[in-house]
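The values are calculated or read from the model by the stated rules, or taken from the named source; none is laboratory data. Bear in mind the structure is a predicted one, so any value in this text is a computation, not a measurement. Positions of Cβ are backbone-derived with ideal geometry, glycine not excepted, and every protein chain shown enters the neighbour counts. SASA here: full protein model, heavy atoms, side chains in, ligands and nucleic acids out. Shrake-Rupley method; radii C 1.70, N 1.55, O 1.52, S 1.80 Å.
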Amino acid sequence: MRRLRATVERVYAAVPFYRRALDAARVSPKDIRSLDDLRRLPFTTKQDLRDNYPFGMFAVPMENVVRIHASSGTTGQATVVGYTARDIDTWSNLMARALAAAGAHRGDMVHNAYGYGLFTGGLGAHYGAERLGASVIPISGGNTKRQIMIMKDFGATILTATPSFALHLAEVAEELGVDFRSLKLRAGVFGAEPWSEEMRREIERSLNLSAVDIYGLSEVMGPGVAVECLEAKKGLHVFEDHFIPEIVHPETLDPMPYGEEGELVFTTVTKEAFPLLRYRTRDITTLSPEPCVCGRTHVRMGRVRGRSDDMLIIRGVNVFPSQIESVLLEVEEVEPHYQLVLEREGSLDVLTVVVEVGERTFSDEIKKLQSLEKRIETNIKEYCGVSAKVKLVEPKTITRSEGKAQRVIDNRMI
Ligand code: DLL
């Protein structure tokens, strides 16, 4: 409660956006007297962050910001987040806490296959593992064969990765004739994208380790907002001493009781550089206050079951269909009729962009069409950060819709 009040006071004083929003809602920081008053606060959306791009939501002077991360947005405009030295310290502690919930400790070796860079996964897990006193292998994503050799030779005991990459590691290990039963891996901390109980079983079986789910988002901090415990693996303990969760109805935005499914909303209560009031995550889940066998008392969130917007997560990269659309619209030879088809090949997501070409282009020779496909693929990779296969089709072959266009065909079974 004390932390919440201090946060509201601070954002009111330091962030013009919040001063305007609180004034418009006729709420003054001193009106916040109990946790129930949380519902009087205005919501914050991703659009608000975009409108204040890049640093307009920061609550401290730039000279106090020691780190910047970003995640993709609808129009290619990134959502930018900042951290003070104390924020990094808090994040490290929370990630250490998350890894500890998976049974990691000093003396462990953490093979960290989350991507390093603007994405929060790599550095978030890295700092947490170091804070715990473990040894970190900052391997990042990609280069799968080499990863398997390093895991084997160095004797990693904990794996941190997206669940799809974990399964990919298993497949490649099999091709190489490396048996995970001969490795020292004991536990894995997997997240950044949705996955299922079936996938957990498959990962646990093929990698011969115990797998827990970790949740987070750049805006709220990065990984380490909530995590499952090794003991129960039943819901993710939300670190409520730093982030107050609520479930609201995605349309009416009314708060919903425990157990009911709705949109997850977070208010940060210790962040300095980038505090957020009632941030709408768009993630759909439930909250449960039931005590856990592990003894942790934090409320638990269920697995994220989906999103209330159209954001896709492809190999861990957040992509909005409109980003791909902007790339296509820049290419003169193609028509604005397209579909995004998502498949699962083995354990990896494969995105195929099916797009119509104009009559004139269609009569061109195959070589020209192939080079056009390549050009669009390069643009998508550059602009959206995700690899896609582009398939050009004849004019008027994509079914026209009578209402909302069905742009996305998601055949992935997770
Ligand atoms: O994905 C942070 C992270 C890194 C979490 C590493 C866990 C591990 P963003 O790139 O901003 O941040 O994407 C956040 O990813 O709103 C969810 O839709 C989705 N997401 C994250 N973790 C999970 C999970 C990182 N365990 C968005 N299950 C979130 C399902 C998840 N979805």
Calculated FRET efficiency, ASP36 and ARG375, Cβ-Cβ r, R0 41 Å, to nearest 0.05?
-> 0.15
Per-residue accessible area for ASP254 at 1.4 Å probe radius, Å² rounded to 10?
-> 90 Å²
Descending principal axes extents, the stretch 4-85, alpha-carbon based, whole Å | 37, 29, 19
Taking the Cβ-Cβ separation of THR144 and VAL341 as r and a Förster radius of 25 Å, what is the calculated FRET efficiency to the nearest 0.05?
-> 0.55
When all protein chains stay in place, what accessible area (Å², nearest 10, 1.4 Å probe) is found for PHE362?
-> 80 Å²
Antiparallel DSSP bridges in the stretch 85-307: what percent, to the nearest 5?
-> 60 percent
Contact order relative to length for the stretch 101-204, counting C-alpha pairs under 8 Å separated by 6 or more residues, stands in percent at 30 percent
Of all accessible heavy-atom area on the stretch 275-381, the percent that carbon and sulfur account for (1.4 Å) = 48 percent
Antiparallel %, DSSP beta bridges [both residues in the chain], to 5 | 60 percent
Working with all protein chains in place, sort SER371, SER363 by solvent-accessible area computed with a 1.4 Å probe, largest first.
-> SER363, SER371
Let me see the pair-distance distribution of the stretch 312-410: every alpha carbon pair, 5 Å bin width, integer percents in order.
-> 2, 13, 25, 25, 18, 12, 4, 0
With point charges of +1 on the Cβ of Lys and Arg and -1 on the Cβ of Asp and Glu, referenced to the Cα centre of the chain, which listed residue (SER135, LEU22, PHE266) lies farthest in the positive direction of the dipole?
-> SER135
Estimated FRET transfer efficiency (PHE55, MET413; beta-carbon r; R0 35 Å; 0.05) | 0.30
Working out 0.36 nm times the residue gap between MET62 and SER326, then minus their Cα-Cα distance, what length gain in nm do you get to one decimal?
-> 91.9 nm
Say the cut-off is 24 Å between C-alpha atoms; which of LYS184/LYS381; LYS30/LYS271; LYS145/LYS367; LYS367/LYS391; LYS367/LYS396; LYS46/LYS396 go over it?
-> LYS184/LYS381; LYS145/LYS367; LYS46/LYS396
Report the full-extension gain for the segment ASP309 to PHE154: residue separation times 0.36 nm, less the Cα-Cα distance, to one decimal in nm.
-> 51.6 nm
Row for the stretch 271-312, column shape: gyration tensor on C-alpha, a ≥ b ≥ c, rounded if a/c < 1.5 i.e. under 1.5, prolate if a/b over b/c, else oblate; value oblate
From largest accessible area down, sort ILE409, ILE366, ILE203, ILE137; use a 1.4 Å probe on the protein chains.
-> ILE366, ILE409, ILE137, ILE203
Using only helices, what value at 222 nm comes out for the chain when you add -39,500 (n - 2.57) per DSSP H run of length 4 or more and divide by the total residues, to the nearest 500 deg cm²/dmol?
-> -9500 deg cm²/dmol
Which percentage, to the nearest 5, of the DSSP beta bridges contained in the stretch 312-410 is antiparallel?
-> 55 percent
Can you pull the one-decimal nm distance between simple spin-label points at ALA6 and THR252, each 7 Å off the Cα toward Cβ?
-> 3.6 nm
Dipole of the chain (Lys/Arg Cβ +1, Asp/Glu Cβ -1, origin at the Cα centre): which of SER326, THR285, VAL225 lies farthest to the positive side?
-> VAL225
Could you give the spread of the C-alpha atoms of the chain along their three principal axes, from largest to smallest, in whole angstroms?
-> 70, 58, 43
